[in-house]
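Peer 1: Before we start, here is the structure in question, set down as structure tokens.
The values are calculated or read from the model by the stated rules, or taken from the named source; none is laboratory data. Small disclaimer: the values here were computed from a predicted structure and weren't measured. Here Cβ is always computed from backbone atoms with ideal geometry, including for glycine, and neighbour counts include all displayed protein chains.
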Amino acid sequence: MLVVETVVRVRREYAGGKPLPRIGPFQERLDTLLVENEARSRRDRLRMTRIHDLLLREGFEGSYDAVRRYATRWAEARRKDPGAGVAAFIPLLFRQGEAYQFDWSHEDVEIAGKPMRVKVAHVRLCASRAVYVRAYPRETQEMVFDAHARGFAFFGGVPLRGIYDNMKTAVTTVFVGKERVFNRRFLVMADHYMVEPTACSPAAGWEKGQVEHQVQTIRGRLFKPRPRFASLEELNGWLEAECRRWAEMHAHPENKEMTVAQALELERPALQPMLAPFDGFHETQHAVTGTCLISFDRNRYSVAAKAVRRAVQVRAYADRIVVRMGDEVIADHPRFFGRDRTIYDPWHYLPVLVNKPGALRNGAPFQGWDLPPALARLRRKLGSDDDADRRFVRVLAAVLSDGLDAVEGAVREALDAGAVSDEVILNILSRRREPPRPASIVTSEDLTLMHPPIANCARYDSLRGLHAAA
């Protein structure tokens with residue numbers, strides 16, 4: 001009996017493992033599940049326990065170990081077969097100025113002492129291998145537009161074609177093969193730069209392998225260990241400087257005799273000129289509240305008082321918020337990416353303040369108001385009582401008609417003369433509004449003297465002579 005068992009065990013090992021008593025009827029289905037699972041991205045692949053559970057739901061009665069052993073042998077067979085499981089690629093060659101590749105990565109940094117995960121836009125010229133990276137708080141469409149504008153400015157021109165994955169900010173619908181429906185606003189940007197956008201096949205990172213490799217390289221060189229900066233602007237300044245430094249220090253992979261920076265100089269003449277950056281905004285419509293505020297992206301921004309309770313258009317850029325009412329810009333703020341914050345511009349509330357001067361002391365928009373130097377000096381000299389607030393608001397009201405520069409100049413002139421008075425300041429502005437007097441007066445011919453008088457004091461001597469004769 002021992003001899004028989006030994007022979008069976010040897011045959012089993014020679015055949016490639018343990019018998020599969022219950023796999024047989026489900027082998028084709030299991031092969032299908034394994035092929036589908038291999039095609040998924042690493043993040044979305046099913047665990048073997050889940051595949052075993054799917055088979056159980058279809059009537060499979062075998063154990064998990066049987067499925068696991070079969071999957072192991074299936075994977076080994078795929079690795080041994082040069083036509084299956086082992087990817088083979090064809091090297092790509094790009095002409096000067098032909099194409100660039102774009103991608104995103106998520107990196108960990110420390111901004112103002114706080115850990116933060118930023119989204120890094122990667123742009124790479126395929127011929128010269130020049131790279132450009134910039135960090136953003138998000139991957140929204142206005143960030144994509146800004147990254148393209150800054151990247152093309154960095155390279156000194158625009159290639160003919162852009163290679164992307166199927167990111168939602170660029171691609172609306174993915175069809176079979178290479179057919180895509182691109183986002184309308186994204187196509188407007190592509191038309192502006194005269195770029196032909198090309199989308200890769202799903203889960204086919206090798207189609208833009210240069211920028212995929214760049215993500216790993218940049219992560220290792222620039223984001224490990226975690227960089228620390230006071231602001232995102234400071235981080236981006238450092239990243240741009242590092243891109244230049246990297247290009248000057250590294251040789252071109254296909255021509256070791258020149259650096260990437262030298263290759264970029266050779267490619268620049270083949271790039272299309274960048275005549276003007278694309279106006280890359282994302283526009284939405286909002287209603288202005290009774291307190292002259294609009295809500296956008298979980299924050300509130302002030303607008304000019306004349307837009308109160310009206311519909312306005314909010315244009316979100318990568319770094320600022322512009323509010324328009326028709327063709328008129330009624331607000332322009334730096335963009336804030338936190339939440340539950342109100343960003344005021346005190347000048348938006350000036351028409352309301354003229355009618356309610358008492359709000360100067362406790363009005364939220366006027367707390368910490370960074371006034372021009374002359375106006376700040378006037379406010380300190382006037383004092384802080386109610387009458388002083390009214391007089392200061394009278395001076396501020398002149399900004400609506402005369403402009404800030406004119407009012408500041410009048411305040412400076414009055415203070416230099418030692419006059420701390422709103423009446424004096426308004427009088428100076430009034431005099432400046434008067435038209436200048438003509439340099440000379442034109443006299444009509446009827447009033448022109450035929451014989452102009454001659455100044456001759458000797459004529460008075462004749463009068464003295466007459467007086468002596470008398």
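Peer 1: Could you count how many residues in the range 256-286 are within 21 Å of R315 (Cα to Cα) and in contact with a Lys or Arg (Cβ under 7 Å, 6 or more places away or on another chain)?
Peer 2: Summing the residues that are within 21 Å of R315 (Cα to Cα) and in contact with a Lys or Arg (Cβ under 7 Å, 6 or more places away or on another chain) in the range 256-286 gives 2.
Peer 1: Looking at the range 235-258, is at least one residue in a loop (DSSP other than H, G, I, E, B), aromatic (F, W, Y), surrounded by 13 or more Cβ atoms within 10 Å (Cβ to Cβ) and in contact (Cβ under 8 Å) with a residue 12 or more places away in the chain?
Peer 2: Checked against the condition, which is being in a loop (DSSP other than H, G, I, E, B), aromatic (F, W, Y), surrounded by 13 or more Cβ atoms within 10 Å (Cβ to Cβ) and in contact (Cβ under 8 Å) with a residue 12 or more places away in the chain, the range 235-258 yields no hits at all.
Peer 1: Does any residue in the range 217-232 that is touching a residue at least 40 places away in the same chain (Cβ under 8 Å) and farther than 16 Å from R134 by Cβ come within less than 7 Å, Cβ to Cβ, of a residue that is of a type outside the set (V, I, T) and surrounded by 11 or more Cβ atoms within 10 Å (Cβ to Cβ) six or more places away or on a different chain, and which pairs are these?
Peer 2: Listed pairs, sorted by first residue: R226/D108; R226/E110; R228/E110; A230/A112.
Peer 1: Pick from the range 353-392 the residues that are in a helix (DSSP H, G or I) and in contact with a Gly (Cβ under 9 Å, 6 or more places away or on another chain): which of them is surrounded by the fewest Cβ atoms within 10 Å (Cβ to Cβ)?
Peer 2: Filtering first and then ranking leaves D386.
Peer 1: Looking at the range 243-264, is at least one residue under 24 Å from R117 (Cα atoms) and in contact with a strand residue (DSSP E or B) (Cβ under 8 Å, 6 or more places away or on another chain)?
Peer 2: Yes, the conditions are met somewhere in the range 243-264.
Peer 1: Another question, then. Which residues, counting only those in the range 22-42, are of a type in the set (S, T, N, Q) and within 17 Å of E61 (Cβ to Cβ)?
Peer 2: Q27, the sole residue that qualifies.
Peer 1: Just checking, which of V123, V118, V109, V144 is within 20 Å of the chain's Cα centre (by Cα), within 21 Å of F182 (Cβ to Cβ) and assigned to a strand (DSSP E or B)?
Peer 2: V123
Peer 1: Taking the range 40-62, which residues are surrounded by 11 or more Cβ atoms within 10 Å (Cβ to Cβ) and either under 25 Å from S201 (Cα atoms) or free of Cβ contacts under 8 Å to residues at least 12 places away in the same chain (or both)?
Peer 2: Listed by number, the residues that qualify are R40, R45, L46, R50, D53, L56.
Peer 1: Consider L93 carefully, then state whether it is within 47 Å of the chain's Cα centre (by Cα) and at pLDDT 80 or above.
Peer 2: Criteria met by L93.
Peer 1: Which of the residues that make up the range 152-207 are at pLDDT 80 or above and among the small types (G, A, S)?
Peer 2: Those that are at pLDDT 80 or above and among the small types (G, A, S): A153, G156, G157, G162, A170, A190, A199.
Peer 1: Something else now. In the range 154-166, is there at least one residue being within 15 Å of the chain's Cα centre (by Cα) and surrounded by fewer than 21 Cβ atoms within 10 Å (Cβ to Cβ)?
Peer 2: Narrowing the range 154-166 to residues within 15 Å of the chain's Cα centre (by Cα): none.
Taking every residue of the range 154-166 in turn, none turns out to be within 15 Å of the chain's Cα centre (by Cα) and surrounded by fewer than 21 Cβ atoms within 10 Å (Cβ to Cβ).
Peer 1: When you check A410 against the structure, is it of a type in the set (A, V, I, L, M, F, W, C), part of a helix (DSSP H, G or I) and surrounded by 17 or more Cβ atoms within 10 Å (Cβ to Cβ), yes or no?
Peer 2: yes
Peer 1: Right, here's the next one. Which of the residues belonging to the range 218-234 are surrounded by fewer than 18 Cβ atoms within 10 Å (Cβ to Cβ) and assigned to a helix (DSSP H, G or I)?
Peer 2: Across the range 218-234, the qualifying residues are R219, G220, R221, E233, E234.
Matching residues to (1) crowded, with 17+ Cβ neighbours inside 10 Å; (2) outside any strand (DSSP E or B):
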| residue | (1), (2) |
| --- | --- |
| A261 | yes, yes |
| P269 | no, yes |
| T284 | no, no |
| T289 | no, yes |
| I294 | yes, no |
| R309 | no, yes |
| R315 | yes, no |
| V323 | yes, no |
